[in-house]
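Here the structure is laid out as structure tokens; the discussion comes afterwards.
The values are calculated or read from the model by the stated rules, or taken from the named source; none is laboratory data. Just so it is clear, the model here is predicted, and its values are computed rather than measured. Heads up, the Cβs are rebuilt from the backbone with ideal geometry, glycines too, and the neighbour counts pull from every protein chain shown. These accessible areas exclude ligands, DNA and RNA; they are computed on the full protein's heavy atoms, side chains included. Shrake-Rupley method; radii C 1.70, N 1.55, O 1.52, S 1.80 Å.
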Amino acid sequence: MLLEMHDIKKYYGDQLILSIDHLKIYSGERIGIVGNNGVGKTTLLHLLSGTIEPDQGIIKRYGSIGYVTQHHHPIKTTISGYWASRFQINTTYHHHFSGGELTRFKIAQVLETQPELLLLDEPTSHLDLDGIRLLEEILKNYFGAIVVVSHDRELLDHICTDIIEIDQAALHRYKGNYSNYQQQKQRLLRQQYREYESYVREKRRLQQIIQRTKEHKQGIRNTPKRMGNSEARRLKTSSQKATGQLERFIKSVEKRLERLEVKEKPFEHKPIQFDIQYTRPSYSQVMIEGKRINHSFGHKVLFQNASFTLENGKKVALIGPNGSGKSTLIKMIVNGHPSIKISPSVNIGYFSQTFDQLDNQRTVLENVMESSAYPEPFVRILLARLLFRGDSIYKPIDVLSGGERVKVAFAKLLVQNYNCLILDEPTNSLDIESIEALEDALIAYPHTLLVATHDRHFINSFANELWIIKDRQIHTFSGHYNDYIHNQIEKDLPNKRDLQLEKLLLETKLSEIVGKLSLEINEVEKHELNEQYEETLKQLKRLTSNI
């Protein structure tokens, strides 16, 4: 056991953020933390790490802890050569690091300490697809326990042994990875539906018994006027006795009804169904076309004689390494670059996270309805699917979180009279439930899409075509992301199998050298080991550049 918590309470002001009866973490466990934005995921990591203390309860730590936070700057400014080589970054931190380079640096500097319990808060933030896959490989083979907060469902699927969901301050633990967690949640939801339906049936049955009995009671005949006194007395006595029995029976059933355990109806998402009559479709086969695109950023050439064709009805995911030009290409399209031709019938809606299109003083519903081509009932269904339920649609924009503003801006874009949407990293700042709602909307969207994103699960959900920026060109792949990865593996496997084996041997050798250097040895042995380390590291760098 590396850590245990008992009877934990954590408040922010008067609000209870976390209430944990007990939590134990053992060596080798990989625990994913999920839950909506604001439920306390980062607070839990702070408690585990000792960054903050609980208001009540006990936390016992039995092993070393490393914590990769979402803070902007690293604790130290240098890291060792081994982890720098694994993450392919400079060994010294500098202020010109990109977001992805900074994330890699922070992870590498914590791994350098080899903690027995590794805590990670959104470690895939700002990483491109190659960086995410590299991180995934490292975490799969990590010797210690891992607790990770992430909205990357593929990462949670590939590394996790357990999922902890935070809901209403409580922790609910599920065995398995994220997909297993989803299956268990679906089973639980079906069970809740069965219990609710059983409750409704029983409630209705008891109510019908009460109603029929009351009607029967009212139907008991009064004493006829021409009946003799003695006979009338006997009938009246009999009627009163029957009425009393019925009243007692009614009260008995009413008590059973009162004692019946109330089961709330599980929340049910109404499907999003766009009606194409509210927007003007484009009848052009080719929506947007780029030919012989050349573009540089400073001394860096992003595109050299690059070309692309966006066909009507396609749902395209734009992918590529950080700095390859994804956002630049999108802005070139939106701003009308001379090398890019847009069909006259195309009406582009562009999503970025500036929120300029939102009026902070108006409500969620007012903002979305302001320029909506769809009627209000549809807008309400869309907002409910995006988790704006009940009175939350009447909140003014200026009280919303960043993630909530993203969803309002996205909803506003979806319902306008556009026939082509271009979205730049729309899942940033969103929790998993919101991302899944966004997926549903994009799957249902009846027009053309171009979306830049690093979220692999998100790409697989909606995209039927990929644009891959590589070697200053825009390469097209027709199919889903998983098909593309499988295709790449098949293509590269013969050449890379031997290289991967050699890479593993070199990494193992480096680990052995680092282990020997940590022992008490004389200066001659230390000098020899340092030379071996530097030479092995050079070989690993050369090899890594070829894989």
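Here are a few things to note about the model shown:
- Filtered residue count, the stretch 272-285, keeping only those that are within 18 Å of Ile422 (Cα to Cα), open to solvent by less than 60 Å² (accessible area, probe 1.4 Å) and out of contact with any His (no Cβ under 9 Å at 6 or more places or on another chain): 1
- When Ser307, Ser339 are checked against the criterion of being open to solvent by 20 Å² or more (accessible area, probe 1.4 Å), touching a strand residue (DSSP E or B) at 6+ places or on another chain (Cβ under 8 Å) and under 24 Å from Gly479 (Cα atoms), a single residue qualifies: Ser307.
- Here Val68, Val34, Val110 are screened, and the one residue that is among the hydrophobic types (A, V, I, L, M, F, W, C) and more than 28 Å from Leu506 (Cα to Cα) is Val34.
- Single residue of the stretch 123-154 satisfying the filter (over 15 Å from the mean Cα position of the chain (by Cα) and among the basic types (Lys, Arg)) that is nearest to Ile25 (Cα to Cα): Lys140
- Some residue of the stretch 430-437 being assigned to a helix (DSSP H, G or I), open to solvent by 10 Å² or more (accessible area, probe 1.4 Å) and of a type in the set (A, V, I, L, M, F, W, C): yes
- Residues in the stretch 389-429 that are open to solvent by 10 Å² or more (accessible area, probe 1.4 Å), not in a helix (DSSP H, G or I) and not basic (Lys, Arg): Pro396, Leu400, Ser401, Gln416, Asn417, Tyr418, Asp424, Glu425, Asn428, Ser429.
- Positions within the stretch 28-82 being more than 29 Å from the chain's Cα centre (by Cα), within 30 Å of Leu543 (Cβ to Cβ) and small (Gly, Ala, Ser), in sequence order: Ser80, Gly81
- Residues (of a type in the set (A, V, I, L, M), in contact with a helix residue (DSSP H, G or I) (Cβ under 9 Å, 6 or more places away or on another chain) and assigned to a loop (DSSP other than H, G, I, E, B)) located in the stretch 312-366: Leu358
- Residues satisfying the criterion are present in the stretch 56-64 (criterion: under 16 Å from Ala170 (Cβ atoms) and of a type outside the set (Ser, Thr, Tyr)).
- Only one of the numbered conditions (1) outside any strand (DSSP E or B); (2) more than 23 Å from Asn322 (Cβ to Cβ) is violated by His71, and that is (2).
- Every test in (1) farther than 30 Å from His96 by Cα; (2) surrounded by fewer than 16 Cβ atoms within 10 Å (Cβ to Cβ); (3) not small (Gly, Ala, Ser) is passed by Ile288 save one, and that test is (2).
- Those helices (runs of 4 or more DSSP H) lying entirely in the stretch 75-146 with at least 1 residues free of Cβ contacts under 8 Å to residues at least 12 places away in the same chain and surrounded by fewer than 20 Cβ atoms within 10 Å (Cβ to Cβ): 129-140
- Set Gly28, Gly40, Gly35: member being open to solvent by 30 Å² or more (accessible area, probe 1.4 Å) and either at positive phi or of a type in the set (Lys, Arg) (or both): Gly28
- Taking the stretch 324-363 as the range and being within 32 Å of the chain's Cα centre (by Cα) and at positive phi as the test, the residues that pass are Gly325, Phe355.
- Summed over the stretch 167-180, residues that are in contact with a Leu (Cβ under 7 Å, 6 or more places away or on another chain) and on the phi < 0 side of the Ramachandran plot total 3.
- Counted residues, the stretch 155-197 - those being in a helix (DSSP H, G or I), under 19 Å from the mean Cα position of the chain (by Cα) and aromatic (Phe, Trp, Tyr): 2
- Those residues of the stretch 424-449 which are closer than 12 Å to Leu414 by Cα, touching a helix residue (DSSP H, G or I) at 6+ places or on another chain (Cβ under 8 Å) and hydroxyl-bearing (Ser, Thr, Tyr), in sequence order: Tyr445
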